[in-house]
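Report on the structure given below.
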Amino acid sequence: MKLERITNKQGCFLTLLFFSSNCYSLLFAAKYGASVWFCYLIASLISIAVVFLINTLMKYAENRTFFEFLDFLLPCPFGRMITALLMLYAFLSTCTSLSIFGQFNQLTALSKTPTIIIPLAVILLGVWACRSGIQTIGRMASLTILFAVAVFLLFSLLALDGLNPDLLRIPKENESGSFLRGGLIVFCNQLGDIILLTVLYPHFARRSTRGRATMLGVVFAGGILFIISIITVMTLGGSGISGDAYPVFTVLSVRTIGGFIQHLELASSVAMTLFAFFRVSLSLYFITQAFRHLFSLDDGRAPILPIGLLLASMTQLLYHGMPMLMVRLESNLSLWILLSIQIICPFLLFVLALIKTKKIKTLGCK
Amino acid sequence: MKYGLMLLIYGAVLFFDCRSFHLTVEKKEWRIYLVLGLLAVLSAIPAVYWTHLDHAGASLSGMFSQFIS
C-alpha cells in the first residue's frame, strides 16, 4: 500500500479538530464550579508535556510506523499485545466520545430521534472518509478549520459584552490536590488521546517539523478549551455550571447578534457534528492500522465498516443512560485506567526506546 | 418493527458495501470482514433495545411511515 502524505498544516488542523470533539457540549469536571477553568489549565499543561514525550518517542521510530516501532521495542508477543490493547482503548474511547455527542444531540436539538441515529450517520461518513485515505481527511480538515474558527469567534467575541470577572474563583493553596484530580479528569476525557495521533506521524510531508505541527495542534486545542471554560464560568457562574447539563451550549443559546440573528447554538451543534466526524475518522484509521498490523493484512481497509457498525452498537450498549456515562467520565477506577494508558504507557515506551537505542549504539561502537 | 428496521439498515449497508469489493480483497481479510459483519448485525439487536426505547420505536416507525407516505 502506498504511503499517503499530508502537509504539516493539515496535520496540525487534524490534531486541533480531533481534540475539539465535545468542546461545546459537556464541560468536564463541572462539579468544581467557578474554579473549573483551573482544571482546564492543568489539563492543557499536562497535554503539552505528554505531546512532548510522544514527539521525542516518535523521533526514535525513524521511518517505522508506530506499530512496527512497538514490535521493535518489545519482544514478539508483547508488541502485538500492546497493539491489541491500544486498539481496544481507541474503540472504547471513541464509544465514550460518540455517546456524549449522541446524548447531547438528542437532548438539545433532535429530541425525538433515537440516540443511535446521528452517531451512526457520523460513523458511516467516517468509514467512507477513512477508506478514501488520510489525504482526504487532511483536505477536509483544511476546509473545516475555517468554520470551526468562525464558531469559536462567535462564542468568544460575542461574549465580551456580558462577561462578569467576579464570577471567576481562584483556587486556594490547600485545594490544589483536589483540582489536580479535576485537571486529570479533563485531560483524560478531552486531551488524553495523543497516543492515537501517532498513526499520523508517518504521513507528515516534512518529517523534521512534524513534532512542531502536533505540538501546535495540541497547544491550540488546549488554549481553546481553556478559553471556552473561562467564558462559560464568567457568563453562568459556578452554580450555573454545576446545575446545567450542557453549560457551554446554554451560554451560546442566550446570545444574539443585535436581536436579529438568534439560535447561535445551532452553529455549535453543526461544529460538534463535524468535530465528531474527525474524531471518529482518525480513531477508525488508528483501529484499522492496528488491525492490519495484528493480522498482517495487505490493505486492511475492508473491515472498517463492520468495525464502525460495531462501534455504533457498542456506544448504545455501554452507555445507554447519562448516569452510566458519568460513572465512566468521573470515577476513580476509570481515571487510573486512562492515566496508565495515556501517560504511563508512552513513558514506559520512551524509557524502552532510550535503552534500546543506547544498546544498539554500544554494539555499533564495539 | 424497530429491531427489524435496525437489522435492515445494518444488513443493507454491509450488503452493498461487500458487493463492491469482495472479489478484490484477500481471503483472510474477507473472512475477518464476514465475522465482524456478523458480530455487528447481532449487536444491533441489544443496541436498539437500549436506544431510549420509550420513544425510539415510535419515532423510528414514524420516520419510516412518513418516508413511505
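For residues that are within 14 Å of chain B (Cβ to nearest Cβ) and free of Cβ contacts under 8 Å to residues at least 40 places away in the same chain, tally how many sit in the stretch A:314-343.
Residues meeting the conditions: 5.
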Out of the residues in the stretch A:89-108 that are more than 14 Å from chain B (Cβ to nearest Cβ) and not aromatic (Phe, Trp, Tyr), state the one that is farthest from A:Asp71 (Cα to Cα). A:Thr108
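I need a count of the residues in the stretch A:300-309 that are assigned to a helix (DSSP H, G or I), at the interface with chain B (Cβ under 7 Å from one of its Cβ atoms) and touching a Gly at 6+ places or on another chain (Cβ under 9 Å). Steps first, answer last, please.
Kept after step one, since they are assigned to a helix (DSSP H, G or I), are these residues of the stretch A:300-309: A:304-309.
Now restrict to residues that are at the interface with chain B (Cβ under 7 Å from one of its Cβ atoms): A:305-307, A:309.
Narrowing further to those that are touching a Gly at 6+ places or on another chain (Cβ under 9 Å): A:305-306, A:309.
Of the residues in that region, 3 qualify.
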Could you check the stretch A:1-79 for helices (runs of 4 or more DSSP H) lying wholly inside it with 1 or more residues that are touching a Phe, Trp or Tyr at 6+ places or on another chain (Cβ under 6 Å)? A:8-19, A:36-61
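Listed here are the residues, each with its yes/no results for (1) touching a helix residue (DSSP H, G or I) at 6+ places or on another chain (Cβ under 9 Å); (2) at pLDDT below 85.
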position	(1), (2)
A:Gly258	no, yes
A:Ala271	yes, no
A:Ala276	yes, no
A:Gln289	yes, no
A:Ser296	yes, no
A:Asp299	yes, yes
A:Leu305	yes, no
Picked from the stretch A:169-210 (must be touching a Gly at 6+ places or on another chain (Cβ under 9 Å) and open to solvent by 50 Å² or more (accessible area, probe 1.4 Å)), the residue modelled with the lowest pLDDT is A:Arg169
Which ones in the stretch A:109-140 are open to solvent by 30 Å² or more (accessible area, probe 1.4 Å), out of contact with any strand residue (DSSP E or B) (no Cβ under 7 Å at 6 or more places or on another chain) and more than 13 Å from every other protein chain (Cβ to nearest Cβ)? A:Ala109, A:Ser132, A:Thr136, A:Arg139, A:Met140
For the stretch B:25-34, indicate whether the set of residues that are in contact with a Gly (Cβ under 7 Å, 6 or more places away or on another chain), more than 7 Å from every other protein chain (Cβ to nearest Cβ) and not in a loop (DSSP other than H, G, I, E, B) is non-empty. no
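Can we say A:Ala276 is within 14 Å of chain B (Cβ to nearest Cβ), surrounded by 20 or more Cβ atoms within 10 Å (Cβ to Cβ) and in a helix (DSSP H, G or I)?
On the way: within 14 Å of chain B (Cβ to nearest Cβ): no; surrounded by 20 or more Cβ atoms within 10 Å (Cβ to Cβ): yes; in a helix (DSSP H, G or I): yes.
No: the conditions fail for A:Ala276.
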Test result for A:Ser281, surrounded by fewer than 18 Cβ atoms within 10 Å (Cβ to Cβ), in a helix (DSSP H, G or I) and away from every other protein chain (no Cβ under 14 Å): no
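Can you find even one residue in the stretch A:230-250 that is farther than 20 Å from A:Asp166 by Cα, of a type in the set (A, V, I, L, M) and at pLDDT 90 or above? So that I can check it myself, show each step before the final result.
If we filter the stretch A:230-250 for residues that are farther than 20 Å from A:Asp166 by Cα, which is where we start, we get A:245-246, A:249.
Adding the requirement that they be of a type in the set (A, V, I, L, M) leaves A:245.
Of the ones still in play, those that are also at pLDDT 90 or above are none.
Checked the stretch A:230-250: no residue is farther than 20 Å from A:Asp166 by Cα, of a type in the set (A, V, I, L, M) and at pLDDT 90 or above.
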Yes/no for A:Thr108 being at pLDDT below 95, in contact with a Leu (Cβ under 6 Å, 6 or more places away or on another chain) and not acidic (Asp, Glu): no
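The values are calculated or read from the model by the stated rules, or taken from the named source; none is laboratory data. Quantities reported herein were computed from a predicted structural model and do not represent experimental measurements. Note that we place each Cβ from the backbone using ideal geometry, even for glycine, and neighbour counts take in every protein chain shown. SASA here: full protein model, heavy atoms, side chains in, ligands and nucleic acids out. Shrake-Rupley method; radii C 1.70, N 1.55, O 1.52, S 1.80 Å.
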